[in-house]
Amino acid sequence: VATALGPTSPAVAEEGERVAVVAGRERVLELFDARTLRRVDSAPAGVGPTNVVSDGGSLLYVVDTEGDGLLLFRTRPRLELERRVALAGGPYAIAIDRVRRRLWVTVTGRNRLVELTANGRPRPLRRLPTVRQPEAVAVDERTGRVYVTGRGALQLVDP
């Protein structure tokens, strides 16, 4: 299926009916029908979007690395930017813990991990130091444990 230039980071949304894809080179967020792979909507996604996660429903969270922010999109009634949260220092990777309703975003320029609410009104809760240049983050939703990697190191963060 054809996408905009520079597609990355697919995320399943709307209970599996849609797939969201960030297209960094064109600076858009695209929404596809999961069965037909036909594009159903797209929206501008900041000045340098890199990654997207979904709450599984109608919320999409996009990291705008060049714009130093986290963008919240709603998919219904149409794909639309609803909120922006400033995250200075080059936010990059993102993971979502749907069980605890938390987002985890790495900030590579500051070697930080930011915990935010994932409730439709994201706000930072805490900032933690990380390994050097944290470029990936994942969360185990069973335990809440967060895994961060960067520069040949793995860091574990317990809730």
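Okay, here's what the table says:
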| item | result |
| --- | --- |
| Qualifying position, being in contact (Cβ under 8 Å) with a residue 12 or more places away in the chain, farther than 21 Å from R123 by Cα, in a strand (DSSP E or B) and of a type in the set (A, V, I, L, M), among V21, V53 | V21 |
| Members of region 101-128 found to be touching a Lys or Arg at 6+ places or on another chain (Cβ under 8 Å), more than 13 Å from Y61 (Cβ to Cβ) and open to solvent by 90 Å² or more (accessible area, probe 1.4 Å), listed by number | R112, R127 |
| Residue identified as charged (D, E, K, R), assigned to a strand (DSSP E or B), farther than 19 Å from R25 by Cβ and touching an Asp or Glu at 6+ places or on another chain (Cβ under 9 Å) among R84, R78, R100 | R84 |
| Test: E66 is without any contact (Cβ under 8 Å) to a residue 40 or more places away in the chain, in a loop (DSSP other than H, G, I, E, B) and among the acidic types (D, E) | yes |
| Residue check, E80 under 15 Å from V52 (Cα atoms) and open to solvent by 50 Å² or more (accessible area, probe 1.4 Å) | yes |
| Evaluation of P122 against (1) modelled with pLDDT under 95; (2) under 23 Å from E82 (Cα atoms) (one fails), failing number | (1) |
| Subset tally (residues that are exposed (fewer than 15 other Cβ atoms within 10 Å of the Cβ) and either of a type in the set (D, E) or within 15 Å of the chain's Cα centre (by Cα) (or both)) for region 139-149 | 2 |
| Lone unmet requirement of (1) in contact (Cβ under 8 Å) with a residue 24 or more places away in the chain; (2) in a loop (DSSP other than H, G, I, E, B); (3) surrounded by 18 or more Cβ atoms within 10 Å (Cβ to Cβ); (4) not charged (D, E, K, R) for Y61 | (2) |
| Hits in region 125-159 - residues which are within 27 Å of L81 (Cβ to Cβ) and assigned to a loop (DSSP other than H, G, I, E, B) | P134, E135, E141 |
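The values are calculated or read from the model by the stated rules, or taken from the named source; none is laboratory data. In this text the structure is predicted, and so the values were computed from the model without any measurement. Don't worry about glycine lacking a Cβ; one is built from the backbone with ideal geometry, like all the others, and counts go over all protein chains shown. Heads up: the accessible areas ignore ligands, DNA and RNA and are worked out on the full protein's heavy atoms, side chains in. Shrake-Rupley method; radii C 1.70, N 1.55, O 1.52, S 1.80 Å.
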